[in-house]
Amino acid sequence: MRRFVKVSFVALGLGAAAFVVLLAASVHTFRALTEETLIAEIRFERTGEREYLAYLRTGDLCEERALPIRGDQWRVDAQFLKWKYWATLLGLDSQYRLERLEGRYRAVAEQNSMPGLAHDLGRPTAVDIVGVAEALGAFNFLIDATYGSSTYQTIDTQRTHLVYKTPTAIITRSMPRAVAASAPALAVRINASCGAGPDPWRRVTTWTDSAARAAARALD
């Protein structure tokens, strides 16, 4: 009997540890909010009438994606996660996760009638931390609130658009596109951290989450 109880406690402990790691992997897809920080850069090339190719850099700004959009403006959406007060006291900052990039028309009538394009910027995880918190209901002891934040700006092919996070929302600014003195090409800023690769904790949580999702697909 005692041996059975010991085995049960060990299994329970291992299960709890596995859940914590999966939860950490999900949380790690959000990013900490402590101050105003650059989180995305966007520049545009016109490809047609009110049609553009958006060159987007996010995260460490090392990799660039080319995404087509339509409209007069661009908009980025993000999801925010605010912890309970006691968790904040323990050092858990509010988190954000970019979710969508899409085109936007100035006129509401055109927004309702003209073609549009939206692109998913998020990444699914094995554990949906927001879904877990909602399922717990009154027993949720982690998350105080989750909400969306959006920012938009008029598309200008002569400027680089910058998206910043603040402790409660995302905002946007822009600056003239830097041009090299010897050629009309865009001068690309080099980020010295790009070659360093992800930190050990990010590698562990990314691998754990990928393994959990692969196991879930295998069971389907």
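Each value in this text was obtained by applying a stated rule to the coordinates, not by laboratory testing. From a predicted model like this one, the values you see are computed outputs, not experimental measurements. Methodologically, a virtual Cβ is constructed for each residue, glycine included, from the backbone with ideal geometry; neighbour enumeration extends over all protein chains shown.
Based on the Cβ-Cβ distance of residue 150 and residue 14, what FRET efficiency does E = 1/(1 + (r/R0)^6) give at R0 = 30 Å, to the nearest 0.05?
Values: r = 41 Å, r/R0 = 1.38.
The formula returns an efficiency of 0.15 here.
Here the label points at residue 158 and residue 117, each 7 Å from Cα along the C-beta direction, are separated by 2.4 nm in the simple model.
Computed from label points 7 Å out along Cα-Cβ, the spacing between residue 66 and residue 166 is 3.5 nm.
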